[in-house]
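Just so it is clear, none of the values below were taken in a lab; they were calculated from the coordinates. Everything numeric here is computed off the predicted structure, so don't read it as measured data. Note that we place each Cβ from the backbone using ideal geometry, even for glycine, and neighbour counts take in every protein chain shown.
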Amino acid sequence: MVPRSPEAVAWQADAPDRARARDARSRSPLGPLLLRLYRVRRMRRLTRRLCERLEGGGMYSATWREILRERHGVEVGRYSYGAILEPGVLPPGTVVGGYCSVGAQLVVRRRDHPTDRPVLHPFFYNSRLGFLSRDTIPADADNPLTIGHDVWIGDRVTILSGCKRIGNGAVIAAGAVVTKDVAPYTIVAGVPARPLRKRLDDETIARLENSRWWEEPLSELIERPPVSGLLG
Ligand SMILES: CC(C)(COP(=O)(O)OP(=O)(O)OC[C@H]1O[C@@H](n2cnc3c(N)ncnc32)[C@H](O)[C@@H]1OP(=O)(O)O)[C@@H](O)C(=O)NCCC(=O)NCCS
C-alpha cells in the first residue's frame, strides 16, 4: 500500500464530519416553499436549481426527491443520482433504491404498442388522446419498474416493459437494451441484455444483503462501516 501523508490521514479522519454536514444540509427549511413553487410550470427549472444549490446537489437533495414523489409519482432513494433525477425520465410508479448511479440518456418504457392487434396507433389504445373511455392495454403505472440499491446503469440504456425488477448491486452495461428482470449483483450487457457475470461471490453477497447497508445515511456508513472494504 502507498504510505499516506499526515494531511491525507487527517483528511480521512474528518470524513464523518464532512458526511454529517452534507446529510444535515440535504433538507432545507425552505423545502415546503420549493414544493409549492414547483407547481408553477415556468418555475420548475429554477426550483430544481434552488433545491440543488440549497441542499448540496441532486445526489443529496431531499426536497427534489419529495418533488419527484409528489409531482411525478416516482420514488428515488437517498444519494441515487444521474438521469433518474430528470423529471419525466422515469414513468410514474417507478421505485429506485438508494445509492444508485445512472448514466446519461436513460429510456424507460412500461408498455408497447399492441403488435398483435390490427392497428398500432395510440388513438386506439390510449384514452388520454380522447377517443376511448379507458385505456385498452395496461397503463404505465400498471407495470411499474423497481430498481434496487447500489445499482449502476451505464450511458444510453433502454429498459423495456418486460423488465420489472433490477436487483440490488446489478450493473447494466452502456448501450444495453434490457428486456427481462436483472438478477442482483449481476452484470448484463448487449442488445438484448444478457448476463456477463456475477460481480461478487455468494458469501460477499449474503454479507451485503444481511447488512442492509443502504438503509444507513452516508455519515453513519463512513463512521461505522457495516461491511469491510467500504472505505477502500
Ligand atoms: C459492463 C462494464 C461495466 C464492464 O464490465 P466487465 O465485467 O468488466 O466487462 P469486460 O470489460 O471484462 O468485458 C466482458 C465482455 O463484455 C463485453 N462488453 C463490455 N461492455 C459492454 C457493453 N457496454 N456492451 C456490450 N458488451 C460489452 C466485452 O466486449 C467483453 O466481451 P468478450 O468476452 O466477448 O470479449 C463496462 O463495459 C460498461 O459498460 N460500463 C458503463 C460505462 C458507463 O456508461 N458509464 C456511465 C457513467 S455512470
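If R0 equals 30 Å, the separation of the Cβ atoms of ASP135 and ARG39 corresponds to a calculated FRET efficiency of about 0.70. Among residues other than TYR125 with Cβ under 11 Å from its Cβ, the summed charge is +2 (Lys and Arg +1, Asp and Glu -1).
If only the Cβ of Lys and Arg carry +1 and only the Cβ of Asp and Glu carry -1, the dipole of the stretch 50-101 around its Cα centre is close to 40 debye. Length, then width, then depth: along the principal axes, the Cα atoms of the stretch 86-130 run 44, 21, 17 Å.
Given their separation in residues at 0.36 nm each and the Cα-Cα distance between them, VAL107 and LEU30 gain 24.5 nm when the chain is fully extended. Bridges between two residues of the stretch 76-216, per DSSP, are antiparallel at a rate of about 20%. Over all pairs of different C-alpha atoms in the stretch 1-130, the reciprocal of the mean inverse distance, the Kirkwood hydrodynamic radius, equals 17.5 Å. Projecting the Cα atoms of SER80, LEU106, ALA62 onto the dipole axis of the stretch 36-120, where Lys and Arg carry +1 and Asp and Glu carry -1 at the beta carbon, places ALA62 farthest toward the positive end. When +1 charges are put on Lys and Arg Cβ atoms and -1 charges on Asp and Glu Cβ atoms, the dipole computed for the stretch 124-232 relative to its Cα centre reaches about 480 debye. Its Cα centre serving as origin, the stretch 25-72 has a Cβ charge dipole (Lys and Arg +1, Asp and Glu -1) of approximately 260 debye.
Ranking PRO118, LEU160, ALA24 by Cα position along the charge dipole of the chain, where only Lys, Arg, Asp and Glu carry charges on their C-beta atoms, puts PRO118 farthest toward the positive end. Calculated translational diffusion coefficient of the stretch 117-225 (20 °C, 1.002 mPa s; Stokes-Einstein with Kirkwood radius over alpha-carbon pairs) equals 131 µm²/s. Straightening the chain between THR115 and GLU86 buys 7.5 nm, computed as 0.36 nm per residue apart minus the Cα-Cα spacing. Both radii come from the Cα set of the chain: Rg as radius of gyration, Rh as Kirkwood radius; their ratio Rg/Rh reads 1.03. Centroid-to-centroid, using Cα positions, the stretch 191-232 and the stretch 1-25 are 21 Å apart.
Available extension along the chain between ARG156 and ARG224 is 20.9 nm, counting 0.36 nm per residue and deducting the alpha carbon span. Taken over the stretch 25-72, the alpha-carbon convex hull comes to 58 cubic angstrom per residue. Counting only other residues whose beta carbon sits under 9 Å from that of THR146, what net charge do I get with K and R as +1, D and E as -1? Once positives and negatives cancel, what remains is +2.
Helical runs assigned H by DSSP (4 residues or longer) give the chain a calculated mean residue ellipticity at 222 nm of -8000 deg cm²/dmol, each run adding -39500 (n - 2.57) before division by the residue total.
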